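Right, one structure below, let's go through it.
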Ligand SMILES: Nc1ncnc2c1ncn2[C@@H]1O[C@H](COP(=O)(O)OP(=O)(O)OP(=O)(O)O)[C@@H](O)[C@H]1O
Ligand SMILES: [Mg+2]
């Protein structure tokens, strides 16, 4: 085989095939014959089971590309291998043992030695388990022992993600924690990741410990793909889309997806807008591969980023319009988004009224959160309030009056509870 680098790809404990880089730079993934004969699942929606190799001319196949580490962890990995930052395949080969989902990649013949900086505890902890996790925030795999969290060791599979504080974004751990709690209050019927603020043994007095939904209690792998993978995008293209693209995927794949999940997803996006989460890009929504098809994973990476002045632009577009600021999003956009999600008028109204009626609970959840600075709580309260107010104004301005709409507004007002401003609106027409 005329290749520079290659690795063995596993799905859970089964050898699935070989991923290699050819001398010319293109990448090839080929399923192993024995894997194909055992009726095992495809490792990715974008890599269906087939005898012929899957070729990728421009960089790693999107499925693999999105498994690579980003940000802080990627930099630490690159330093340990003395590599240029861009060599993603080398990083994945060296740090592909514990990845998001149920696929792992092992280099049978490593040519590069991993040099860990033994004076830097974060570095030791992050690199020892040979794992990769995407995302920009500093993070590493962790394990819970009794009530104590510690970094995952050499041959261990992490069951938690530990996020560490960021030098550039003060309070981000606390902000993610309270935003997640606010979203859980807004979406009582949905699944939201479990997390806690706690020390990470030997590393930090304060980390955000997030339970992994892709690991069972005993560490077994559960397979999922982010929408960036499902849509066949490379990692860097995670902002190059609109929210409706995810709904389109669900609608187009009706044989393996549930149409009802468009409603769940729509509500999640509304919760993100209401909590000022401007970083809800395609890698922050995902679907689990189950034996009956693809189903949404729990919500994760919920951060009210609009609390920081520099993050006011929505990660993805709405109705083909990109780079909208969070302050400019009003009911008109929400209604259009709902329609693009294929939701009937009643479902859109219900979602709006359900979420609006729970805003006060979101505030209470933020208020009740322990170990988070008051000033960051205040910022999130303001964020939630601000969007509520903007909705109210725009509801009045943009919605046409009609008897039906007036009745709906009445119903809506009742469910908005103490948000009495909604009562002053003229109507909410769909
Ligand atoms: N609870 C979880 N269980 C399993 N996988 C997860 C979980 N949370 C996050 N992930 C995976 O890890 C990746 C990185 O996590 P996350 O998005 O929280 O990091 P981040 O650094 O905050 O990302 P971003 O760059 O979007 O700010 C996600 O894209 C997802 O693939
Ligand atoms: Mg993320």
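Each value in this text was obtained by applying a stated rule to the coordinates, not by laboratory testing. Owing to the predicted nature of the structure, the values given are computational and were not obtained by experimental measurement. Positions of Cβ are backbone-derived with ideal geometry, glycine not excepted, and every protein chain shown enters the neighbour counts.
Compared with the dominant Cα axis of the chain, that is its longest principal axis, helix 172-186 is turned about 50°. For the chain, a Gaussian network of Cα nodes joined below 10 Å ranks 280, 260, 207 by mean-square fluctuation, and the top entry is 260. Computed on region 285-341, with alpha-carbon pairs under 8 angstrom and 6+ residues apart, the relative contact order is 19 percent.
Computed over the chain with a Gaussian network model linking Cα atoms closer than 10 Å, the most mobile of 199, 167, 138 is 167. Dividing the summed -39500 (n - 2.57) terms of all DSSP H runs of n ≥ 4 by the residue count of the chain sets its mean residue ellipticity at 222 nm at -10500 deg cm²/dmol.
For region 216-288 versus region 1-62, the inter-centroid distance based on Cα atoms is 24 Å.
The C-alpha atoms of the chain define a longest principal axis, and helix 243-252 lies at about 70 degrees to it.
Label separation (residue 168 vs residue 38): 4.3 nm, computed from points 7 Å beyond Cα along the C-beta direction. Full extension of the chain between residue 292 and residue 201 yields a length gain of 28.8 nm, computed as 0.36 nm times the residue separation minus the alpha carbon distance. The relative contact order of the chain comes to 12 percent, based on Cα pairs under 8 Å that sit 6 or more residues apart. A simple spin-label model places pseudo-atoms 7 Å from Cα toward Cβ; at residue 51 and residue 79 they are separated by 5.0 nm. In this rough spin-label picture, where each label sits 7 Å from Cα along the Cβ direction, the residue 374-residue 313 distance is 3.6 nm. Relative to the dominant Cα principal axis of the chain, helix 345-356 is inclined by about 90°. Anisotropy class assigned to region 205-297 is oblate, per the alpha carbon gyration tensor with a/c at or over the 1.5 cut-off and a/b no larger than b/c. When the chain is treated as a GNM with alpha-carbon contacts under 10 Å, the residue of 335, 193, 148 showing the greatest mean-square fluctuation is 148.
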